[in-house]
Amino acid sequence: MRHLILTALLASASAFAQTYVWTDENGQKHYSDQPPPAQVQARQKTFAPNGDTQAVPYQVREAARRHPVTLYTGESCPLCADARALLKQRRIPFAEQKIETQAQLDTLTKDFDGNGIVPSIRIGTRKFAGFIEGQWQTMLNDAGYPSDLRGLD
């Protein structure tokens with residue numbers, strides 16, 4: 001159920017306009033184009049991929065709308081840093097889900113068919129456990145994310 005909510009939030013944030021950012025009582029960070037619940041104070045900001053201040057090219061916006069990206073990471077994970085850097089280098093907007101509790105790990109393991117390892121990625125409905133750069137690049141290309149943004153701005 002939580003993954004459905006996350007997917008809905010990602011889909012609604014694909015316009016990359018005004019975005020509300022807040023952290024819930026469990027420490028989970030949320031991004032949405034809708035205001036948070038009344039009891040939560042939120043920051044409102046103009047959202048571009050991963051803090052980038054440049055406009056998001058149309059091709060990237062469309063890929064993100066059709067195939068939102070979620071990166072699953074853990075603490076003290078060098079490969080997680082490499083995975084995050086790949087997405088940022090390609091200017092791909094993504095949600096990051098940090099796996100910090102046993103319950104989160106159990107959910108990840110179940111959702112990734114027994115592979116509860118980090119980093120893992122979900123691109124739309126496709127998912128891959130572990131970081132193999134070539135595999136991730138292929139999945140991102142297949143989802144319509146441009147590999148070269150020159151000339152798209």
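Within region 66-93, residues that are farther than 13 Å from Arg122 by Cα reach partners that are of a type in the set (Gly, Ala, Ser) and crowded, with 17+ Cβ neighbours inside 10 Å with beta carbons closer than 7 Å, at six or more positions or on different chains, in the pairs Cys80/Gly74. Candidates Ala103, Ala95, Ala85: the one that is hydrophobic (A, V, I, L, M, F, W, C), under 14 Å from the mean Cα position of the chain (by Cα) and surrounded by fewer than 13 Cβ atoms within 10 Å (Cβ to Cβ) is Ala85.
Taking the condition of being assigned to a helix (DSSP H, G or I) and under 17 Å from Asp82 (Cα atoms), how many residues in region 99-153 meet it?
Here the count works out to 8.
Filtered by the rule that a residue be touching a Lys or Arg at 6+ places or on another chain (Cβ under 8 Å) and of a type in the set (Asp, Glu), region 68-114 gives Glu75, Glu96, Asp111.
For region 111-141, a residue qualifies if it is free of Cβ contacts under 8 Å to residues at least 12 places away in the same chain and either of a type in the set (A, V, I, L, M) or surrounded by 12 or more Cβ atoms within 10 Å (Cβ to Cβ) (or both), and the qualifying residues are Phe128, Ile132, Gln135, Thr138, Asn141.
A short reminder: the numbers here are calculations on the coordinates, not readings from a lab. Treat the numbers as computed from the prediction; the structure is a model and nothing was measured. Backbone-built Cβ (ideal geometry, glycine too); neighbour counts: all protein chains shown.
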